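Asker: One structure coming up, written as structure tokens, with questions to follow.
The values are calculated or read from the model by the stated rules, or taken from the named source; none is laboratory data. Please read these numbers as outputs of a predicted model, since none were measured by experiment. Cβ coordinates were reconstructed from backbone atoms using ideal geometry, including for glycine residues, and neighbour counts include every protein chain displayed. Heads up: the accessible areas ignore ligands, DNA and RNA and are worked out on the full protein's heavy atoms, side chains in. Shrake-Rupley method; radii C 1.70, N 1.55, O 1.52, S 1.80 Å.
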Amino acid sequence: MSSEKTSADAAAVLILAHEILYEIGVPLSEDVASRISARIEEALDRVVGHERERCVAICKKRAALWSNTAMASSPLGREESRARANEAAYIADAVRSG
């Protein structure tokens, strides 16, 4: 969330904090809602970061798979495997950069 956070994202998290406070019967307070929304944003940042790194690892495994496949050593498959390995590496970079 932090890399592409918009005011709409921040507003959605703040609304969620207000809804949580309302649901559990805590009197609404901007200070408490702001602190809760900050903690929600931090948790989401961690979860998104971990998921992003998991996806990057999958892409890198795919790139290695295509680079090391038997098809990569044949004249007809070399270009295809190189292109697929490059594509997987490109996607990994795009996912990592967010």
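Asker: Here are some residues: LEU65, LEU28, LEU44. Which one is part of a helix (DSSP H, G or I) and free of Cβ contacts under 8 Å to residues at least 24 places away in the same chain?
Answerer: Values: LEU28 fails: part of a helix (DSSP H, G or I); LEU44 fails: free of Cβ contacts under 8 Å to residues at least 24 places away in the same chain.
The unique qualifying residue is LEU65.
Asker: For ARG78, state whether it is open to solvent by 60 Å² or more (accessible area, probe 1.4 Å) and within 17 Å of LYS5 (Cα to Cα).
Answerer: Numbers: open to solvent by 60 Å² or more (accessible area, probe 1.4 Å): yes; within 17 Å of LYS5 (Cα to Cα): no.
No, not satisfied.
Asker: For the stretch 10-26: of the residues being out of contact with any helix residue (DSSP H, G or I) (no Cβ under 8 Å at 6 or more places or on another chain) and not β-branched (Val, Ile, Thr), which is farthest from GLY98 (Cα to Cα)? Please lay out each step first, then the result.
Answerer: Taking the stretch 10-26 and keeping what is out of contact with any helix residue (DSSP H, G or I) (no Cβ under 8 Å at 6 or more places or on another chain), we get 11-12, 15, 19, 22-25.
Checking the rest, the ones that are also not β-branched (Val, Ile, Thr) come to 11-12, 19, 22-23, 25.
On the way: ALA11: 21, ALA12: 20, GLU19: 29, TYR22: 33, GLU23: 33, GLY25: 37 Å.
Filtering the stretch 10-26 for residues that are out of contact with any helix residue (DSSP H, G or I) (no Cβ under 8 Å at 6 or more places or on another chain) and not β-branched (Val, Ile, Thr), the one farthest from GLY98 (Cα to Cα) comes out as GLY25.
Asker: Is there any pair with a first residue in the stretch 87-98 that is under 14 Å from SER67 (Cα atoms) and a second that is surrounded by 12 or more Cβ atoms within 10 Å (Cβ to Cβ) and basic (Lys, Arg) whose Cβ atoms are under 7 Å apart and which are 6 or more apart or on different chains, and what are they?
Answerer: ALA88/ARG62
Asker: Take LEU44 and decide whether it is more than 24 Å from ALA10 (Cβ to Cβ) and out of contact with any Leu (no Cβ under 9 Å at 6 or more places or on another chain). Break it down into steps so the answer makes sense when it comes.
Answerer: Numbers: more than 24 Å from ALA10 (Cβ to Cβ): no; out of contact with any Leu (no Cβ under 9 Å at 6 or more places or on another chain): yes.
No.
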